[in-house]
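First up is the structure itself, then whatever we jot down about it.
The values are calculated or read from the model by the stated rules, or taken from the named source; none is laboratory data. In this text the structure is predicted, and so the values were computed from the model without any measurement. Ideal geometry is used to build each Cβ from the backbone, glycine not excepted, and the neighbour counts take in all protein chains shown. Ligands, DNA and RNA are stripped out before the accessible areas are found, and what is left, the full protein with its side chains, is counted by its heavy atoms. Shrake-Rupley method; radii C 1.70, N 1.55, O 1.52, S 1.80 Å.
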Amino acid sequence: MAHYLLIESRDPFESNDVLYYYDLARDLVAAGNGVTLFLVQNGVMPARPSARSATLSELARSGVEVLADDFSLEERGISKLAEGIVASPIDVVVDHLAAGHKTLWH
Amino acid sequence: MSKTTLTIALMDPPYESENLTTAFRILDVAARRGYDLNVFAYEGAAGLAFARQAPHPNPVHGKNLAEENHPTTKDQVAALLAETERHGGKLDWVNCGMCVDERGVSEFVPGTRRGSPADLHAFTEASDNILVIPTK
């Protein structure tokens, strides 16, 4: 089983591409891989309970580890997170890189 | 046990994208762990280490040079070089030569160098992992 780190820096309210990236995370898990979705920069906007957060909560329920960069959250004044999303320091990116996990940035 | 080596490719120009803030945060964490780091700065990122960047005051906000404390990416690159060395790692920062020439930013901060996509290939071959951060 491979493990993937998918880094999402874009806001789904601004870019529809983001939804394809969520699909990629879902499909990789369905194919038997481990997937961490790390939200950073404006990518954390749907981490607050909102019209777009249900998709992230659903991803979490499907087995994707959904993390949101704590610095990006703080910058944007987001303290309440939708179900299944966990705040995380950016160190986790380095953890995955050092572990040799396949890492993509969007 | 061999040392961890990571490569990050940067593409964004200075002072325009939050991508670079995030990239420097990632690099800082890795530097503090003592990892060896390679950075391939291409396209607009070739200007990150340009030595003639200068901080400026902000008269609109009534701040002098010291009060504005304007960060420059060349200083951030220099700080990263120092941080990596302080923790026992090495940072090989390569500025894409063609990108540098196009932009006229050939004066680099000490410790960085001119290179080519061949360096990125070599970095990739020699690294435990690579992260490419593209422009939006």
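So, in region B:50-107, exactly how many residues are in a helix (DSSP H, G or I), touching a residue at least 24 places away in the same chain (Cβ under 8 Å) and open to solvent by less than 40 Å² (accessible area, probe 1.4 Å)?
The qualifying residues number 9.
Anything in region B:1-23 that is in a loop (DSSP other than H, G, I, E, B) and of a type outside the set (K, R)? List them, or say none.
Going through region B:1-23, the residues in a loop (DSSP other than H, G, I, E, B) turn out to be B:1-4, B:11-17.
B:M1, B:S2, B:T4, B:M11, B:D12, B:P13, B:P14, B:Y15, B:E16, B:S17, listed by residue number.
Of (1) open to solvent by 60 Å² or more (accessible area, probe 1.4 Å); (2) more than 14 Å from every other protein chain (Cβ to nearest Cβ), A:E75 satisfies all except one. Which?
A:E75 satisfies all of (1) open to solvent by 60 Å² or more (accessible area, probe 1.4 Å); (2) more than 14 Å from every other protein chain (Cβ to nearest Cβ) except (2).
Need the failing condition index for A:I78 against (1) more than 14 Å from the chain's Cα centre (by Cα); (2) farther than 27 Å from B:S17 by Cα; (3) among the β-branched types (V, I, T), just the number.
A:I78 satisfies all of (1) more than 14 Å from the chain's Cα centre (by Cα); (2) farther than 27 Å from B:S17 by Cα; (3) among the β-branched types (V, I, T) except (2).
I'd like to know if region B:16-27 contains one or more residues that are farther than 24 Å from A:S88 by Cβ and surrounded by fewer than 21 Cβ atoms within 10 Å (Cβ to Cβ). It would help to see each step written out before you state the result.
Within region B:16-27, the subset farther than 24 Å from A:S88 by Cβ is B:16.
So of that shortlist, the ones also surrounded by fewer than 21 Cβ atoms within 10 Å (Cβ to Cβ) come out as B:16.
Scanning region B:16-27 turns up at least one residue that is farther than 24 Å from A:S88 by Cβ and surrounded by fewer than 21 Cβ atoms within 10 Å (Cβ to Cβ).
The rows are residues; the columns are (1) closer than 27 Å to B:D28 by Cα; (2) open to solvent by 10 Å² or more (accessible area, probe 1.4 Å); (3) in contact with a helix residue (DSSP H, G or I) (Cβ under 7 Å, 6 or more places away or on another chain).
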{"residue": "A:M1", "(1), (2), (3)": "no, yes, no"}
{"residue": "A:N16", "(1), (2), (3)": "no, yes, no"}
{"residue": "A:A31", "(1), (2), (3)": "no, yes, no"}
{"residue": "A:N42", "(1), (2), (3)": "yes, yes, no"}
{"residue": "A:S62", "(1), (2), (3)": "no, yes, yes"}
{"residue": "A:K102", "(1), (2), (3)": "yes, yes, no"}
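Could you run through region B:108-125 and say how many residues are away from chain A (no Cβ under 14 Å), more than 15 Å from B:K74 (Cβ to Cβ) and touching a residue at least 24 places away in the same chain (Cβ under 8 Å)?
So the answer is 4.
Is it the case that some residue within region B:24-32 is in a helix (DSSP H, G or I), small (G, A, S) and either modelled with pLDDT of 95 or more or within 23 Å of B:N129 (Cβ to Cβ) (or both)? Even if it seems obvious, please write down each step before you answer.
Step one: list which residues in region B:24-32 are in a helix (DSSP H, G or I), which gives B:24-32.
Still in the running and small (G, A, S): B:30-31.
Restricting the remaining residues to those that are either modelled with pLDDT of 95 or more or within 23 Å of B:N129 (Cβ to Cβ) (or both) gives B:30-31.
Yes - at least one qualifying residue is present in region B:24-32.
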